[in-house]
Every structure is written in C-alpha cells, then in structure tokens.
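Heads up, the thing below is written out as structure tokens.
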Amino acid sequence: RIMFSHRRFYVTCTLLFTLVGTSAAQTPSVPKLLVVLVVDQMRADYVERFQGQWTKGLRRLIDEGAWFRQAAYPYFQTNTCVGHATISTGALPETHGIIGNAWHDRASAMLRRCADDESSLIVSYGAPIAGGLGPASLRAPTLSDELRIQGEGATRVVSLSMKPRAAIMLAGQSADVVVWRDDTSLVTSGVYSKQPVSLVKQFISDNPIAQDFGTTWTRTFPADAYLYDPITEHSRPFEGWDTSLPHDLVGRGESPDSLFYTQWAASPRSDDYLVRMATTFIDALDLGQQSAIDYLGISFSALDHAGHRFGPRSHEVQDVLIRLDETLGHLFDHLDATVGQGGYVVSLSADHGAIPIPEALVNQQIDAGRIPAADIVSAAEQAAAEFLGPGEHVARFEEQDFYFSPGVYDRLAEKPGALDQIADAIESVEGVARVYRADTIRDRRDTGNSVERALARSYYPGRSGDLLIVVRPYWTTSTNAAGHGTSYRYDTRVPILLMGSGILPGQHLAPVTPADIAPTLAYLSRITLAYADGRVLHEALISLQ
C-alpha cells in the first residue's frame, strides 16, 4: 500500500508537470513505442468484479490510465479474428472485411479461415507444418502498416500470440517478428520472413515450452479469495483435467504431446511466456529507443481457452487474470527501464466477451440453451425441398452466416414466399430469435433496431451468408461450455484502458468502441489512418484538455 501511494503521488506530480508544460508546448512529445495489448475473451465486467485481486500491471492500468467503462463492439460477429482486425485497423467488419474466424468461400465451396493465405507458407521453428497463413483477407491497413508507410525512419513491428489469427491481424501486411503457436511448434508466416528469424530461434532454444511439462497450475491465492464456487458445474475441461483447479500440465503420457501444449496454452504460463518473449525482443531490437515509432502487439489467449472450458464464473478465469496482472507488471517495469515512462503508450482491450454457461442459467430458471447447428440446417433443407424438390440446398451454416448451395438463393427468390417460409422454418427451431436476408440488411445500418444495425456493420459482400441467424439471449450454437459471437452485451462489452505518453488518467462512461483505439494511437503518433470508422478518444488525451 505504501508503494502504491508513492506511485499515485508520482503520477499526480508527473501529470501536473505535463499539464503545465502542455500549456506552452500545446502537445506532448510523440511516443516512441505503441504497445497494443488484447486479452482474448476479457469481458468488461471482469475489471469491475475482479480488480480487487490485482495489485500490479492491471491495477496500474486502472490507477494510472484512462478507463473507458462503457466500451462495446457495435457489430454482431464478436469473434477473435474480427475483434483483432477492428482494434488494429480502427475499422469495422463492413470496412476491413473480416466477418468471422472463418466463412464459407463460395468460389472453392470450402470453409476459409480468416488468416488462410495460400501464397504465404508457414515457417516453423519446430517440426515442418504444411499450409499457408497471412493477412491477405484483411482489406484495411493496420496501425502498424500506416506507421511504416508514413513514419520517419524504419518502424519495427513485433506481434505475438498463441493464435495465428490474433498475431496476424495485429501485425498487418508486414512486420519484423510475428510468432504464434501451431500444435507443438511456434511458427510464423512467409509473408513476414522466408526463414526462421534467428532472434526468435534463439529465444525458443533458451526457453523451451517443454520445460513446463509435469508442472501444475494451482491457485495463486487461497480458494476463499476467489468469487463463486471453486467447482464449475457444467464445465467442459480438457482431457485429464478436473472441474476445478489445480490442473496438471502432463498431456496423455510420459513426454510433451499435443494435449500438453493445448493444456499449457490454456494456463497462465502461456501469457507469461509471451511477455518474456516480448521483453527479449524489446531489448534485442531496441524497441522505442531509436528515431522511428515502433509497434508491439501482444494478444493473450489463455483467458479465452480457460473461459471456453470453464465459463466466466470460474476460478480458472480469475486466476488467469491474477497471473496476467503480475505478468503485465513485469512488462511495464521493463518498459519503464528501457523506453522510459514518457516514451511509450499502452492500450489494453479485448476481442469479445463471453456468454455464461447455458446449463447453469437453466438451473436458475433463465431462458437459455444450446442449439445444434444441424437442427437449423435440417429445418432449412426441409423447407427448401418444398419449393425445389429433394437435394442438398444448404452449403454451410457458420456462426450466424447461413449459405445456400450455388444458385439456390436466386431460385428461391423467384418463388413468392419461399424465402419467408424458410426463415419461418429456421425461426421455429428452439432458441432462434430471428432470421434476416443478408441482401437487404445494409439498408438497416442507420434505421434498424440495435440487432439489425449490428448485423449491417458485420456484413461484407461476397463473404457474408445469404441469411443471417440471430439466436435468443443466452442461447448458443457453440459446443464449448461458454461461447460468444452475438451482439448481446455479454459478448460486445469489453474494457478499454489507455496508459502512458499523452494519456490523461481518469474514468469515462461515454459509449465508445475498440475501433477507437487505432485512431487515438494514430493521433498521438501524428499519422493518419486510411480507413477509420472509429474516432479519437479526445477525452483521454492531455493535449486536448
């Protein structure tokens, strides 16, 4: 407590000095390093509920930063790839083109993951891995792309995650170091480097993930320091794990296997690993210590893995955040020592929230449940057959996007009442709220209700489905214990925290979106984004007070 009172005294004095200096110089100095942090599946209410468990990095963001408490995504498809693309570009899906983690590709009649890129082969730091991944599907430049285009000097870009879609979307079209996990190996894409980067290769050699084999994820604090029941009813733990902590990181056998790496990625150890990697690269590349503005993006995936398995009321979720608080404390201390407190600015947000476990809600007499995707497809097939005869009329149902087989939609549109009858059939499936035609949803962007506006902002021609399926609140098609991907507030509300150079500490209740992060950081960096659906968060900037 004495340490934090000293810190608050230091921040107050620094802020007063900065404001006095600003009156003469008008604007603070340009930051030398932009740090964009994303905590996968971090609901906004986690900050409000769990902050009493934090004392270091997350606590510092709250105490020393600008906290936007009513931030929410304004679109429907709240998933990982979409959120990261929105944060990095300042654009919405209707602009940047990333409508989901995957969508049905009509040309190939196959599912296309958002980061699929056949022209950019995977470069592995371990066993060879086939396939190609890269940013080809992203239709808007990222903040780091714009820094490289407009900035003075050679901007260095580093993007790290355990997920390819997170690391790639934060990085954009070019970067010095981009790393993510693929099964048992860490990898990158040929679009960033045609061969393993020696710096990364050395770090992996010095810090093998396998050294965590046989360790146990235990609670950081005594069980009574956590909210809720220690045993998560209706959870769906990984093979070999129980329904409550502790969890052994042992996989299936006597040596590290694919299951071990999956368990490890869901534990706080994976977040700690990313920050150890980041601090190594900060030093090796002198990030924030040369003439250009550098960029560091880190997406922490452990919370998403734990949240999907154990839900938002679990001790696992709380412990991941407790450990992340400590991990971010190390990162910020390192940045203070290398870049200097006035030399960098940090943003922290999330790509989406999460629905509570539906079965637990049912026990509380709340309307909730799961919808088998096959039931929706079957209802549509039967209704379509009444107009077109027997056959396979449905190509795919992916998230909220429903795709007919080639030519089927046009044939149905020619038959009076056919599409309405199919929509009625789908809406008869328990848990479905409404079905919309995608070709008319854009007309509802500014005039429709909140769900219609969200669907319109998620719509991208050629990628979105023919029909858009909206489930009822607390219903899901996910097979995980807890899912996400709708425009309901438990999915859309996320934190936005800004701290560092040019940022005025305080709390804000204005409605904002994660699309505002990139325009704000661009303003601080004196650059302009090519596309910006978001706005500058002027209320948090010292220069505009």
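The values are calculated or read from the model by the stated rules, or taken from the named source; none is laboratory data. None of the values given here were measured: they were computed from a predicted structure. Counting neighbours? That spans all protein chains shown, and the Cβs are built from the backbone with ideal geometry, glycine included. With ligands, DNA and RNA removed, areas are computed over all heavy atoms of the protein, side chains included. Shrake-Rupley method; radii C 1.70, N 1.55, O 1.52, S 1.80 Å.
For segment 38-77: of the residues being hydroxyl-bearing (Ser, Thr, Tyr) and over 12 Å from PRO514 (Cα atoms), which is surrounded by the most Cβ atoms within 10 Å (Cβ to Cβ)?
Among those residues, the one meeting the criterion is TYR46.
When you look at TYR490, is it more than 16 Å from PRO93 (Cα to Cα), open to solvent by less than 50 Å² (accessible area, probe 1.4 Å) and in a helix (DSSP H, G or I), yes or no?
The answer is yes for TYR490.
Could you tell me which numbered condition ASP248 fails, if it satisfies all but one of (1) among the charged types (D, E, K, R); (2) open to solvent by less than 40 Å² (accessible area, probe 1.4 Å); (3) over 23 Å from the mean Cα position of the chain (by Cα)?
(2)
Can you say whether ASP283 is assigned to a helix (DSSP H, G or I), crowded, with 23+ Cβ neighbours inside 10 Å and touching a residue at least 40 places away in the same chain (Cβ under 8 Å), as far as the supplied structure shows?
no
What is the one condition in (1) open to solvent by 40 Å² or more (accessible area, probe 1.4 Å); (2) touching a residue at least 12 places away in the same chain (Cβ under 8 Å); (3) in a helix (DSSP H, G or I) that ASP224 does not satisfy?
(2)
Being in contact with a helix residue (DSSP H, G or I) (Cβ under 7 Å, 6 or more places away or on another chain) and of a type in the set (A, V, I, L, M) is the filter here; which residues of segment 226-259 pass it?
Across segment 226-259, the qualifying residues are LEU227, LEU245, LEU249, VAL250.
Let me spell it out: the conditions are (1) of a type outside the set (Ser, Thr, Tyr); (2) under 23 Å from HIS393 (Cβ atoms); (3) surrounded by fewer than 22 Cβ atoms within 10 Å (Cβ to Cβ), and LEU467 meets all of them except one. Which number is the exception?
Of the numbered conditions (1) of a type outside the set (Ser, Thr, Tyr); (2) under 23 Å from HIS393 (Cβ atoms); (3) surrounded by fewer than 22 Cβ atoms within 10 Å (Cβ to Cβ), the odd one out for LEU467 is (3).
Does GLN341 count as touching a residue at least 24 places away in the same chain (Cβ under 8 Å), in a loop (DSSP other than H, G, I, E, B) and open to solvent by 40 Å² or more (accessible area, probe 1.4 Å)?
Against the criterion (touching a residue at least 24 places away in the same chain (Cβ under 8 Å), in a loop (DSSP other than H, G, I, E, B) and open to solvent by 40 Å² or more (accessible area, probe 1.4 Å)), GLN341 qualifies.
Assess whether ALA413 counts as being of a type in the set (A, V, I, L, M), open to solvent by 50 Å² or more (accessible area, probe 1.4 Å) and farther than 25 Å from VAL82 by Cβ.
So ALA413 passes the test.
Restricting to segment 499-514, name every residue that is of a type in the set (Gly, Ala, Ser) and either more than 16 Å from PRO74 (Cα to Cα) or open to solvent by less than 30 Å² (accessible area, probe 1.4 Å) (or both).
Passing the criteria: GLY500, SER501, GLY502, GLY506.
May I ask you to list the residues in segment 25-66 that are β-branched (Val, Ile, Thr) and modelled with pLDDT of 95 or more?
Of everything in segment 25-66, those that are β-branched (Val, Ile, Thr) and modelled with pLDDT of 95 or more turn out to be VAL35, VAL36, VAL38, VAL39, VAL47, THR55, ILE62.
Going by the conditions given, is ALA482 closer than 30 Å to SER314 by Cβ, exposed (fewer than 15 other Cβ atoms within 10 Å of the Cβ) and either among the aliphatic types (A, V, I, L, M) or touching a residue at least 40 places away in the same chain (Cβ under 8 Å) (or both)? Please lay out each step first, then the result.
Working: closer than 30 Å to SER314 by Cβ: yes; exposed (fewer than 15 other Cβ atoms within 10 Å of the Cβ): no; either among the aliphatic types (A, V, I, L, M) or touching a residue at least 40 places away in the same chain (Cβ under 8 Å) (or both): yes.
In short, no.
Would you confirm, using the coordinates I've provided, whether PHE203 is in contact (Cβ under 8 Å) with a residue 40 or more places away in the chain, open to solvent by 60 Å² or more (accessible area, probe 1.4 Å) and either closer than 17 Å to ALA306 by Cβ or assigned to a helix (DSSP H, G or I) (or both)? Don't jump to the end; show me each part of the working.
Values: in contact (Cβ under 8 Å) with a residue 40 or more places away in the chain: yes; open to solvent by 60 Å² or more (accessible area, probe 1.4 Å): no; either closer than 17 Å to ALA306 by Cβ or assigned to a helix (DSSP H, G or I) (or both): yes.
No, not satisfied.
What is the one condition in (1) within 18 Å of ALA292 (Cβ to Cβ); (2) open to solvent by 10 Å² or more (accessible area, probe 1.4 Å); (3) not polar (S, T, N, Q) that ALA171 does not satisfy?
Failing condition for ALA171: (2).
Among the candidates SER137, SER108, which residue alone is among the polar types (S, T, N, Q) and open to solvent by less than 30 Å² (accessible area, probe 1.4 Å)?
Just one listed residue meets the conditions, SER137.
Are any of the residues in segment 208-219 closer than 30 Å to ARG49 by Cα, outside any strand (DSSP E or B) and without any contact (Cβ under 8 Å) to a residue 40 or more places away in the chain? Let's see the steps before the verdict.
Start the filter on segment 208-219 by keeping residues that are closer than 30 Å to ARG49 by Cα, which leaves 215-219.
From what is left, the residues that are outside any strand (DSSP E or B) are 215, 218-219.
When the remaining residues are screened for being without any contact (Cβ under 8 Å) to a residue 40 or more places away in the chain, the result is 218.
Scanning segment 208-219, I find at least one residue that is closer than 30 Å to ARG49 by Cα, outside any strand (DSSP E or B) and without any contact (Cβ under 8 Å) to a residue 40 or more places away in the chain, so the answer is yes.
Of (1) free of Cβ contacts under 8 Å to residues at least 24 places away in the same chain; (2) part of a helix (DSSP H, G or I), GLY253 satisfies all except one. Which?
(2)
Taking THR86 as the residue in question, decide whether it is under 26 Å from PRO519 (Cα atoms), modelled with pLDDT of 95 or more and surrounded by 24 or more Cβ atoms within 10 Å (Cβ to Cβ).
So THR86 passes the test.
Please count how many residues of segment 327-338 are of a type outside the set (Ser, Thr, Tyr) and open to solvent by less than 20 Å² (accessible area, probe 1.4 Å).
5
As an exercise: evaluate ASP446 against (1) in contact (Cβ under 8 Å) with a residue 60 or more places away in the chain; (2) within 15 Å of TYR75 (Cβ to Cβ) and give the number of the one condition it does not meet.
Against the list (1) in contact (Cβ under 8 Å) with a residue 60 or more places away in the chain; (2) within 15 Å of TYR75 (Cβ to Cβ), ASP446 comes up short only on (1).
So HIS305 fits all but one of (1) more than 26 Å from ALA481 (Cβ to Cβ); (2) open to solvent by 10 Å² or more (accessible area, probe 1.4 Å); what number is the exception?
Checking HIS305 against (1) more than 26 Å from ALA481 (Cβ to Cβ); (2) open to solvent by 10 Å² or more (accessible area, probe 1.4 Å), the one that fails is (1).
ALA384: open to solvent by less than 20 Å² (accessible area, probe 1.4 Å), modelled with pLDDT of 95 or more and among the hydrophobic types (A, V, I, L, M, F, W, C), yes or no?
Numbers: open to solvent by less than 20 Å² (accessible area, probe 1.4 Å): yes; modelled with pLDDT of 95 or more: yes; among the hydrophobic types (A, V, I, L, M, F, W, C): yes.
The answer is yes for ALA384.
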